[in-house]
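The values are calculated or read from the model by the stated rules, or taken from the named source; none is laboratory data. Just so it is clear, the model here is predicted, and its values are computed rather than measured. Heads up, the Cβs are rebuilt from the backbone with ideal geometry, glycines too, and the neighbour counts pull from every protein chain shown.
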């Protein structure tokens, strides 16, 4: 760890350091800078992230809970693989949680939430027009989290946040190699259903959106596995 990093670590609470280390490590994994199957070596990560042993281990535990890394005996930690079985579980979990959250949000979303969703939609449109798939994906993720929180159901929203985190890596790699989908954007229709206070429509649109996610990523996975790239 550098002197500056050591000084910074000395001034910041351990929880803050662990959360920041988890965020940065999660980003490295999602962006494939640490590809599936990579062995995570503690000394290298401490140097790369500029944190001590304890915050790093807490960060790794968080990511293990999220399913992004796997921890084996003798402190062997590996970036989790991308495989169809994991994708199927992510889709199943999303279908169990997100349509219900969308329906609740249609009943409970306030004006501030709808304004925030409109803002995200506008930014997503700009990102799509510019071909900025990374920006689009980040905004997509924010919009789904905003819908979940608008449900007013904290336990369900927290479950969705974890599930969406698992799906983000699949979404990222498909965008990276395939680009933005040339399909109508479900998000505008979904926000319209929330504004219309139509729980049934909101839930149905969310289910259709998740089905699209599954088809897109499953197609990418099949192509890569058949080509020996996974």
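The figures follow:
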{"item": "Boolean, residue 103 is on the phi < 0 side of the Ramachandran plot, buried (at least 20 other Cβ atoms within 10 Å of the Cβ), in contact with a helix residue (DSSP H, G or I) (Cβ under 6 Å, 6 or more places away or on another chain) and in the same structural domain as residue 215 (by TED's automatic domain parsing)", "result": "yes"}
{"item": "Residue list for the range 72-100, filter: in a strand (DSSP E or B) and surrounded by 14 or more Cβ atoms within 10 Å (Cβ to Cβ)", "result": "77, 78, 79"}
{"item": "Filter result (farther than 17 Å from residue 90 by Cβ and without any contact (Cβ under 8 Å) to a residue 12 or more places away in the chain) within the range 150-166", "result": "154, 155"}
{"item": "Subset of the range 4-15 [farther than 13 Å from residue 50 by Cβ and either surrounded by 12 or more Cβ atoms within 10 Å (Cβ to Cβ) or at pLDDT 90 or above (or both)]", "result": "14"}
{"item": "Test: residue 68 is crowded, with 20+ Cβ neighbours inside 10 Å and under 28 Å from residue 46 (Cα atoms)", "result": "yes"}
{"item": "Which listed residue, of 75, 41, is free of Cβ contacts under 8 Å to residues at least 12 places away in the same chain and over 23 Å from residue 170 (Cβ atoms)", "result": "41"}
